[in-house]
1. When only C-alpha pairs under 8 Å and at least 6 residues apart count, what is the relative contact order of the stretch C:34-77, in percent?
2. At q = 0.23 Å⁻¹, what is the base-10 log of I(q)/I(0) for the stretch B:165-264 according to the Debye formula with one equal point scatterer per Cα and no solvent? Please give it to two decimals.
3. Stokes-Einstein diffusion coefficient for the stretch B:178-332 at 4 °C in a medium of 1.567 mPa s, Rh from the Kirkwood formula over Cα pairs: what value in µm²/s?
4. With r defined as the distance between the Cβ atoms of A:Ser293 and C:Arg292 and R0 fixed at 25 Å, what FRET efficiency is calculated, to the nearest 0.05?
5. Quick one: grab the alpha carbon gyration tensor of the stretch B:88-144, order the square roots of its eigenvalues as a ≥ b ≥ c, and give me rounded if a/c is under 1.5, else prolate or oblate depending on whether a/b is larger than b/c.
6. Give the nm distances, rounded to one decimal, from B:Arg54 to the matching residue in every other copy, measuring between label points 7 Å along Cα toward the beta carbon; shortest first.
7. May I ask you to report, in nm to one decimal and beginning with the shortest, the distances from C:Val23 to the same position in the other copies, taking label points 7 Å along Cα-to-Cβ?
8. Given the C-alpha atoms of the stretch A:255-349, compute the convex hull and give its volume per residue in Å³.
Amino acid sequence: MAATLGELAARFGCELHGNPDVVVGRVGTLSGASSDAVAFLANSLYRAQLASTRAAVVILGPRDRDGCPVASLVHAEPYVIYARIAAFLHPATAVVPGVHASAVVAASARIAPSAEVAAHAVIGPDCTIGADVLVGAGSVLGAKVTIGAATRIAPRVTLLDGVRIGARCIVHPGAVIGADGFGFAPDHGAWQKIPQLGTVVIGDDVEIGANTTIDRGTIDDTVIEEGVKLDNLIQIAHNVRLGAHTIMAGTSGIAGSTKVGKRCMIGGGVLMINGLTICDDVLFTFRSVVTRSVDEPGTYSGVLPAEEAGKWRRNAVRFRKLDEMAQRLADAERQLAKLIATTPKNTDG
Amino acid sequence: MAATLGELAARFGCELHGNPDVVVGRVGTLSGASSDAVAFLANSLYRAQLASTRAAVVILGPRDRDGCPVASLVHAEPYVIYARIAAFLHPATAVVPGVHASAVVAASARIAPSAEVAAHAVIGPDCTIGADVLVGAGSVLGAKVTIGAATRIAPRVTLLDGVRIGARCIVHPGAVIGADGFGFAPDHGAWQKIPQLGTVVIGDDVEIGANTTIDRGTIDDTVIEEGVKLDNLIQIAHNVRLGAHTIMAGTSGIAGSTKVGKRCMIGGGVLMINGLTICDDVLFTFRSVVTRSVDEPGTYSGVLPAEEAGKWRRNAVRFRKLDEMAQRLADAERQLAKLIATTPKNTDG
Amino acid sequence: MAATLGELAARFGCELHGNPDVVVGRVGTLSGASSDAVAFLANSLYRAQLASTRAAVVILGPRDRDGCPVASLVHAEPYVIYARIAAFLHPATAVVPGVHASAVVAASARIAPSAEVAAHAVIGPDCTIGADVLVGAGSVLGAKVTIGAATRIAPRVTLLDGVRIGARCIVHPGAVIGADGFGFAPDHGAWQKIPQLGTVVIGDDVEIGANTTIDRGTIDDTVIEEGVKLDNLIQIAHNVRLGAHTIMAGTSGIAGSTKVGKRCMIGGGVLMINGLTICDDVLFTFRSVVTRSVDEPGTYSGVLPAEEAGKWRRNAVRFRKLDEMAQRLADAERQLAKLIATTPKNTDG
C-alpha cells in the first residue's frame, strides 16, 4: 500500500526531514531502492551507500541525518522503525474467512468464523481454531489442537494431538509439532518404546521455521514461551523448555529436558545435550556444543574455524598428540628447573 | 484405561507392596503424579523425589522399595516395566479400518481390510498395505510400496517407489523415505546425474523420526535392519546399511555406502563420512565426526565443549599455531638435552 | 528398456569390445550384475571386482580394458558414460499430462497442456507451469510461482509466493522454497519481525534435496544459479547466492547474505556464517565451519576426527589449557635461552 512521508512520520513517531507529501509504496535497499521506496540505514557497514541512494526517503539515526542526500525519517531505533514501516507498506495477504471445500474438518472441531482453512487441510476432532487464524493448504491437525487468534499456520504443517499454540504465532511449512519424543528403554539387546504422553505448549508471538521439529513431552509437556523465534531445521526434543524471547538460528538442536532461559541467543548449528539448565541472557555462538549447565549470563563459544586444508591438517595432527605434548612440556620444565638449580653461573660473562 | 495394582503386578510380573485393589488410570512423574497415577524410579538422579511423591504406586527396583512412601511395583528392570505399563494404560489411538473418501488410491493397490487410509492420503499403483496399518492424513506413497502389518505411518510422510517397510514400524510426520540418493558425475564443469535405481528396505519394529530422510540406493538398496530407532532430522544417504537395534539421535547423518553394525548408539549431530564400516556395539558421543572405519567395539568421541567466549578464543587462537608450538617444544627439548650433556655439575650445592 | 551393445556404443561414443548383438536391459554393480546388465568401473577401489564380474558388459577406461573378462564399452570418462547409459536404460516415469481431479488449481494459473498436476496438489493464483512439468501429489504452490519446462516437483513440496524455478530442475519431497528468512530487530527485550519481501530465484538444471529449506530474500532475492545440486536437509538463508554448478552435501547450512562462487564443493554438515564471500572453485571438507571470506580457490578444512573416547578426552582436557601451555612454553624458551647464554661450557667433555 502507499503512504505519504508525513503519514509515516506521524504514525511511527519519526522526525521527517523532507517533503511530507511525497508518496512511497514499498521498501528497498539503500543501493537498490527506486524513487518510490523507503530505505533504511541501521548498520554502519552500509553507511557508504547512503550518499548515492535513490530512495525517496531513508530511515536512519540522528547522527546519520546530515549525510543523507534525500529525505529522511529520523528515529533513535531505525531498524525497528524500518520493520514496522515495511510491515505497514507490505501487509501479509489477508485471511479469507471460511473453510475450503476440499478441507476435511471433524464435526467436533470449533473454527472461528473469521478463520481460514485452506485447500486439503485436515482438522481433527475437538480442535479449536481462533479468530483470524489461517490454516494453510495441506496442513494436518490431530485431535484437540488449539490455535490462538491471528496465528498463521503455513501450508504443509503438522500439529499433532493436543498441541496448543498461542496468538499471533507464525508456523512455517513442513514444521512438525508434537511428534513423539525419542525415548526407549534398553530391553535385552532391543529397545522398548516409552510412550510419549505429554504435548507441546507454545506461547504467543512465537515463530517456528520451515521443517523444524518440536517433540511432545514424555509425561509433562514441552514448552516454548512467548516471543521465542526458531529458524529452519531445528530439533527441539521432549520436555525442553525455551524461555521467553529466546532466539535460535537454523540447524541447531536441543536434547531432552534441557531448560533454556529467557532472551538467550543460540547461533546456527548449536547443539545442547540433555538435562542442562541455561540461565537467562546467554549467547552461544554458532556451532557450539553445550555440555554443561550455565548459570552466568554471557557469551560462550566452541568452534574452531576452517582453514586452508594443509595448515588445518598439520594442526589437527598435533591435536591428536596434545596430551603427550603437555607431558613433554612438563618434563622439559622439570629438567630446566633442575638444571637452573644445579648450574654454576658463568662468572666470565 | 484403568487397572488395579493387582492386575498390573500379575500382568507385568512385578512384586506388589500395597493394596491390590487400588485403581490407577494413568502414569505421572514422581514429583507431579496425582493419586490415580503410576510413577517410576529408574534413574538414581530422581531418588530424592521418592519421599514426597503422591503417586498411587511407584515402579522401582528392589533396593528402592524400603524408601517408598506409597505402594510399589518392584521389578529388577523398572524402566522397561514402566514403558510397558505406560503403553498398557495409554494405548495408541485405535486404527479405524477403511479408506477415507478423500484419499486417492490406485486401483491396483492392495489394502488390507483392517487398515486405515486417512484423509487426503495418496496410494500409488501396486502398493501393498498390510493388516492394521495406518496411513496418516496427507501421506503420499509412490508405486509398489509395501507396508507390513501394524505399522503406523503418520500424517504427511512420503514413501517413494518400491520402498518396503516391515511390521510394527512407526514413521513420524515429514519423513521422506526413498528420495534419490545424491550422486553426480563431474562433466566438464557441470554435473551429470547418476540415476538412483535401488530402493529402501526397512525391517520390523523400526521407528523413524519427524522430517528424517532416507535415500534410495544407487543400484543396490539402502537397508535399515529390524529394531533400528532414528530420531528427527536425520540424513541417511544412499546404500547405507544400519544394523539391527542401532539407535541414532537427532540431526545426525551418515554419508553414502557406510555400513553400521548392530546395537550401535549414535549421539545427536554425529556425522559419518562415506564408505566406512563400523562394527557392532560402537557408541559415538554427540557431534563426533567419524572419518575412519571402526573394528573395535567401544566408545568414540570427537567434540570440544563450549566455554566462556574469551577463554575459548584464547585457546582457539593457540590451536591455529599448534604445529608451530609442537616444533618449538621439540627445539627446546633438543637444546635442553644438549645443555644437560654439556653443562658441568654445580658441585658447590 | 533394452538395447544392444552395438546401439549403446554408437549412441554414447564408446569403443565396443565384444559382440554388438548382445542385448542388455539394466545396470548393475560389478559384483552383483546379472548377465543382462551393464556394469561400470570408474573408481580404482573396485578394480579387484572386475575379474569376477558376471555383467554382460563393463563401461571402463582404456587402461582397464585388458583386464575385463566380459565385453567392454571403453571411454575416457566411464563414470559420465555410465550415468548416461543408466538414464537411457532406466528412464524416469513419464509425465502424464493433465490435472488430477483432486488437485485444487486457481483459475488464474496457467498450466501447460503437457504438464501433470498430481493428486491433492494445490496451485495458487497466477502460477505458470511450463511444458512437461510434473507437480507431485500433495505439493503446494503459493501465488505467482513459475516453473520452467521439464522440471519435476516431487510429492509434498512447498513453493511459496513468487518463487521462480528454471527448466529441468528436480525438487525432492518435503523441500520448502520461499519461506520467510529469519530476520528480527531487537525491540526492548522482544523481537520485531522484519518482513521478508524478496523471493527465491532458481536457475536451470538445479536439484534440491528432500526436506531442504531455501528462504526468500528480505528485500532482494535469494538466488541459486544454474546447475547447483543440493542434498537433503540443507538450510539456505535469505539473500544467499550460490554460484553455478556449486554442490552441497547433506545437513550443511549457509547463513544470511553469504555469496558462494561457481563450482564450489561443500561437504556434509558444513556451516557458513552470514555475510561472507566465497570465490569460485573452493572446496570445504565435511563439517567445516566457515567464518571468513575466501578469495583463493583451494581446499579448506576444519574438523577434528573422532577417536577412542579416553584418548579424545585426554587431548580435549589439554585443549582447555592450550593458552596456558603456550605461555609456559614461551617461559621455558626464555629460561632456556638465558641459561644457554650464561652457562659455562663443560670443557671436560
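Read-outs: derived from the displayed coordinates by stated rules, not from any lab. The model shown is predicted, which means the values in this text are computed figures rather than measured ones. Here the Cβ positions follow ideal geometry from the backbone for every residue, glycine too, while neighbour counts run over all protein chains shown.
1. Values: 74 pairs, mean separation 16.4, N = 44.
Reported relative contact order: 37 percent.
2. -1.15
3. Values: Rh = 17.2 Å.
This corresponds to a translational diffusion coefficient of 75 µm²/s.
4. 0.20
5. Details: a/c = 2.29, a/b = 1.77, b/c = 1.29.
Cα axes put the stretch B:88-144 in the prolate bin.
6. Ordered by distance, the counterparts are at 7.1, 7.1 nm.
7. When each copy's label point is compared with this one, the spacings are 7.3, 7.3 nm.
8. On the way: hull volume 19.8 nm³, N = 95.
Hull volume over Cα atoms, normalised by residue count, gives 209 Å³.
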